[in-house]
Amino acid sequence: MELKLYNTLTRTKEAFRPLDPARVRMYVCGPTVYDFAHIGNARPLIVFDVLFRLLCHLYGTKHVRYVRNITDVDDKINMRALEEYPKLPLNKAIRKITIKTEAQFHKDVAALRCLRPTVEPRATMHIKEMKSLIGLLIKAKRAYVFKSHVLFKVKGLRGYGKLSHRTLSEMRKGARGEVAPKRNPMDFVLWKPSKVGEPAWPSPARIKKQGRPGWHIECSAMSWKYLGETFDIHGGGIDLVFPHHENELAQSRCAFHTPIMAQVWMHNGFLQVEGEKMSKSLGNFVTIRELLADWPGPAIRLAMLMTHYTQPINWTGQKLGEAHQELHKWSALYGARFFGSLQVHGRKNGAIDLLPPSLELVDALRDDLNTPQAIHHLRQLFQKIEQGDIWLVDQHYSDAHYLGLTDQLTSQRYALFGQAGGSVTPAVAAFAVKAVDKLRVRLINSLSNRDIIKEIKNIGLDVALDDRGYFSLSERNDCTGTILEKIRRLVEERAQARRNKDWTTADRIRDELATLGIAPKDTAEGTPTWTITR
């Protein structure tokens, strides 16, 4: 089955044939590093990560180049820098903001199981290429200088608007948001003068005043630098079709005198939260970092992939909970396999064989990244395993791993709970998981069920292991001298100290609990509770 992708430019699903099968090239618009990425940003990250994995499988990792940029020069960055570091010179404040935010972004993306792109260029490191591109557009008489600005001339450009399929009046309305002196309201900024203190570089076209690039020219320049004048796939969210991608396409075509910039333009659909557009004013603005505080990255990823990428997605707590519950079931199965209580191919106690993705999975993805169908395939495999086809466990794990939906550590953790569950509180169960994680670091691959049971009993719990390899935790009637008894005693002593307004003692106990990895929680009712620290 050949790979088919929906092309926004033609509004059809087309067979994908790379310009050069030995150099398959994809560009995706990345983050503007001024704040935490939100869950709307997570969708294209996950969608195009799946496409990257598929292209690597079909053409070979060495023959695929995936470029995702970092925008580190922007008005929003300047505003955030002034807010957070008002006493610093603006350029120093901007560097602090962009370095910190980029590091946060990479942590969040890694937690979502997204692979790093082949190249991740920063806009500020490619000013030379932007100025060269502007020079080519001036030479082609598609750009002009006006009041220290360089603007792209839209009038007379055949095919402008074809990507977004917008009428002239719609495009005029969308162009009004850009504040700049123009000869024509449809024209857009390639270069603009910088205000005092803002990032600034020597301007092109003999403009004396220093300036900085417009947004659209950045992506055209970076894609040119790393992928060439034309390439295979350009991706991003549906909100970028106009004006950003329409203008990228226009300037690249005119600079290089080519009929195309990218063969295929791909866009993921909008995301709403509980049926409403996400916004800070509605109080439903959720960052990836906030979600990761409560949910594992693979659960967020699975919830995203349950909807086809071209369709709008309604992000709900119920959807996320269902995804998390499904991963629990899968991971408990893997855990039984990891811990050796489930034999496959006559072997026990070893890592799962990582197999090539199954034909059914790859065929689903070849059909315009049909991830709902891919997940359906995983569910069918799981049903067959439950019915006794245990030799399919390795394939199920390999296919889930290929989609970025699991990893060995997560699977081993979930195996502590499994479908047998237990009668302990979530905090106690999480503490048991953390203890086993520490034990695993010490014993590496030699960890056995006996080691796990011994460690859990040392905590002050009873543990049972059924014939499927699922652990069930329960609290011992007498846990004197165990770590669990010590935690409860310290938490109660701290609560009593707070009731007595003995803040020194309360703080000392809080610090002692912190060394154990425990965070006490104060409730309005005065009942002492606790959680483990992340």
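All of the numbers you see were taken from the coordinates with simple rules; none came from a lab. What you see is a predicted model; the values in this text were computed from it and never measured. Cβ sites come from the backbone with ideal geometry, for glycine too, and all protein chains shown count toward neighbours.
Structure notes:
- Most tightly packed first, judged by the mean number of other beta-carbon atoms within 10 Å of their residues, the peptides 126-134, 354-362 read 126-134, 354-362.
- As a size descriptor, the averaged projected area of the C-alpha convex hull of the stretch 17-174 was calculated at 12.8 nm².
- Reduced Cα scattering model of the stretch 202-335, Debye log10 I(q)/I(0), q = 0.15, 0.16, 0.17 Å⁻¹: -0.90, -0.95, -0.99
- Cβ-Cβ FRET estimate between residue 512 and residue 125, R0 fixed at 51 Å, reported to 0.05: 0.60
- Legend: translational diffusion of the stretch 482-534 by Stokes-Einstein, Rh = Kirkwood radius over C-alpha pairs, 20 °C, 1.002 mPa s; D = 196 µm²/s.
- For peptides 76-83, 281-288, sequence by mean Cβ density within 10 Å, most packed first: 76-83, 281-288
- Under the criterion of Cα pairs below 8 Å and six or more residues apart, the relative contact order for the chain equals 13 percent.
- For the chain: span of alpha carbons on each principal axis (Å, largest first): 84, 63, 39
- Translational diffusion coefficient of the stretch 117-173 (Stokes-Einstein, Kirkwood radius from Cα pairs, 4 °C, 1.567 mPa s): 93 µm²/s.
- Where only DSSP H runs of four or more residues are counted, the chain gives -14000 deg cm²/dmol as its mean residue ellipticity at 222 nm, each run worth -39500 (n - 2.57).
- For the peptides 380-386, 9-15, 221-227, 62-68, residues were scored by their other Cβ atoms within 10 Å and the scores averaged per peptide; the highest-first order is 221-227, 62-68, 380-386, 9-15.
- Straightening the chain between residue 92 and residue 281 buys 65.0 nm, computed as 0.36 nm per residue apart minus the Cα-Cα spacing.
- Between the stretch 193-247 and the stretch 301-336, the alpha-carbon center distance in angstrom: 37
- Straight-line cross-link reach from residue 434 at under 15 Å between alpha-carbon atoms covers these aspartates and glutamates, not counting any fewer than eight positions away in the same chain: 451, 455.
- Cα-centred dipole magnitude for the chain, charges only on beta-carbon of K, R (+1) and D, E (-1), debye, nearest 20: 2780
- Gained length - residue 363 relative to residue 141, 0.36 nm times residue gap less alpha-carbon distance: 75.2 nm
- Efficiency of FRET between residue 179 and residue 83 - r from beta-carbon atoms, R0 25 angstrom, step 0.05: 0.75
- Partner aspartates and glutamates whose Cα lies under 13 Å from the Cα of residue 107, excluding those fewer than 8 positions away in the same chain, are identified as 290.
- Based on the Kirkwood approach, the hydrodynamic radius assigned to the stretch 103-199 is 16.4 Å, with every pair of different Cα atoms included.
- The tail of the calculated P(r) for the stretch 148-277, taken as Cα-Cα distances beyond 17 Å, holds 63 percent of the pairs.
- With the simple model of a label 7 Å out from the Cα in the direction of the Cβ, residue 14 to residue 505 spans 7.6 nm.
- Kirkwood hydrodynamic radius of the stretch 1-66, Cα pairs, Å: 13.5
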